[in-house]
Every structure is written in C-alpha cells, then in structure tokens.
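Input: a single structure, listed below in structure tokens.
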Amino acid sequence: MQILAISGSLRAGSTNSHLLRAAACLAPENMNFTFYDGLADLPHFSPELDGDNPPASVIHLRELLQAADGILICTPEYAFGVPGSLKNALDWTVSTCTFSNKPVAAISASSTYMGGDKAHASLLLTLTALGANILESGKLMIAAIRTKMNSDGEVTDSATVQSLKSVVDALAQAIAAPHTIS
Ligand SMILES: Cc1cc2nc3c(=O)[nH]c(=O)nc-3n(C[C@H](O)[C@H](O)[C@H](O)COP(=O)(O)O)c2cc1C
C-alpha cells in the first residue's frame, strides 16, 4: 500500500511533519510512506497556468497523488484556516480530479487547546469538494501538541500514539477493503 503523507507546515521541525513520521512508524508493514516535500515549490494556483502544460512541480504532485492508494494529511491551523500553501496544493488537484474517491485521513495538530478545529473543518470541506473518500476513523484533531512530543519529535503521549495508530489502521482497512465503512 502506497501512502502519500502531506504536511501542511513548511516549518523545519514541524510538529505536524513529525506526526506524519510517527504515524508511518505505527503503520502496518505493508504500508509504504512517501513524504511529500514539494509544497513550497508549487506556484500560486491560477486557472491560466492549469492548461495542457502545467508546471513540473504540479505534474509531480499529481503523479504522487495518482500513485498513492491513500493520502494522510496533517496540518496546523493558521489564522483559523488551512495554511495557504496546503490549500494551494489542493487547488491544483481540482481540474484533474486527483483526489476523487481516494481514501484520505485528515489530522490537525495545534499548540493550542482547540486542536486546529477550524482548519480541520475547512480541510474536510475542501476534501469533500474534491470528491475524496474521507475516512470517518481517519479524522483526528490533536490539541496542545507541544506537550505530547519531545524535542526529538517523538510522540510521548500514549493516547495520541493510540489515536495515530487508529488513523493509519483506518487507512489500511479502507485500502484493503474499499467497500466497508471505516
Ligand atoms: C501565523 C500563525 C497563525 C496561527 N494561527 C493559529 C490558529 O488560528 N489556531 C491555532 O490553533 N493555532 C494557530 N497557530 C499555532 C499553530 O497551530 C502551531 O504553532 C502549530 O504547532 C504549528 O504547527 P507546526 O509545528 O507543524 O509548524 C498559528 C501559528 C502561526 C505561526
């Protein structure tokens, strides 16, 4: 199973990026993770650039998404919304329907006690617009993330570890048995 992991944070040492790596460590052995690192290379979306010859970075993103059996997104909240760079990447997939029916798990993690709830809700709305197969058991909001991770980016909170495991298990189940609800 090929999983494309997308962090909504460009920050070096991002807690969201660390969470994706932690999730990968908890995943079943037959899951292979690719960590997307091209978010900052994507041009600002414009329909005029989205013609027959889209930018190479956009082609690369679309190819990674198409090759993936499932997508795992983990994002912070900025100003009550999804980070612009992540939304920009998602906008580039509209015309090609790249997310259509793709199993997707969506995590938000914030240093505040709200867990990035508004970004999470906004992300789910966008994924709905994209026709993604948003997994019910793949939805997770993590509050006060900095208290649940050590300085090496390892998740130290056992409940969070368990929640992450449930998310990757949901992805695995949805990919293995596409017609059951997870
Ligand atoms: C510009 C900016 C805006 C932010 N806005 C919010 C916000 O609206 N809600 C929230 O919960 N956290 C907000 N935060 C805090 C981030 O969610 C928090 O720093 C998060 O841990 C960043 O994720 P990262 O470690 O993956 O980079 C904001 C942070 C920055 C830098």
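Throughout, read-outs are computed from the coordinates displayed, never taken from laboratory work. In this text the structure is predicted, and so the values were computed from the model without any measurement. Positions of Cβ are backbone-derived with ideal geometry, glycine not excepted, and every protein chain shown enters the neighbour counts.
Helices in the chain, meaning DSSP H runs of at least 4 residues, each add -39500 (n - 2.57). Divided by all residues, the mean residue ellipticity at 222 nm is -11000 deg cm²/dmol.
Please compute the net charge surrounding Ala172, taking Lys and Arg as +1 and Asp and Glu as -1 over other residues with Cβ under 15 Å from its Cβ. Write out the running numbers ahead of the final one.
Details: positive: Lys102, Lys165; negative: Glu29, Asp69, Glu136, Asp169.
Value of the local net charge: -2.
Based on DSSP, what percent of beta bridges with both residues in the stretch 52-182 are antiparallel, to the nearest 5? Here the share of antiparallel DSSP bridges comes out near 15 percent.
Kirkwood Rh over alpha-carbon pairs of the chain, then Stokes-Einstein at 10 °C and 1.306 mPa s: what D in µm² s⁻¹, rounded to an integer?
98
At an R0 of 45 angstrom, the distance between the Cβ atoms of Ala79 and Asp52 translates into a FRET efficiency of 0.80.
Given a Förster distance of 30 angstrom, what is the FRET efficiency for Leu26 paired with Ser100, based on the Cβ-Cβ distance and rounded to 0.05? Provide the component values of the computation, followed by the final result.
On the way: r = 28 Å, r/R0 = 0.92.
Working from the Cβ atoms, E equals 0.65.
Between the stretch 128-147 and the stretch 1-80, how far is it from one alpha carbon centroid to the other, in angstrom? Comparing the Cα centres of the stretch 128-147 and the stretch 1-80, I get a distance of 14 Å.
Placing a label point 7 Å from the Cα of Asp41 along the Cα-to-Cβ direction, the residues of the stretch 61-89 whose backbone N falls under 19 Å from that point are 61-68, 85-89. Extending 7 Å from the Cα toward the beta-carbon at both Gln2 and Glu136 defines two label points whose distance is 3.0 nm.
This model, with +1 at the C-beta of Lys and Arg and -1 at the C-beta of Asp and Glu, gives the stretch 2-176 a dipole about its Cα centre of some 400 debye.
Does the stretch 1-79 come out rounded, prolate or oblate, given a ≥ b ≥ c as the square roots of the eigenvalues of its C-alpha gyration tensor, rounded meaning a/c under 1.5 and, failing that, prolate meaning a/b above b/c? Verdict is oblate for the stretch 1-79.
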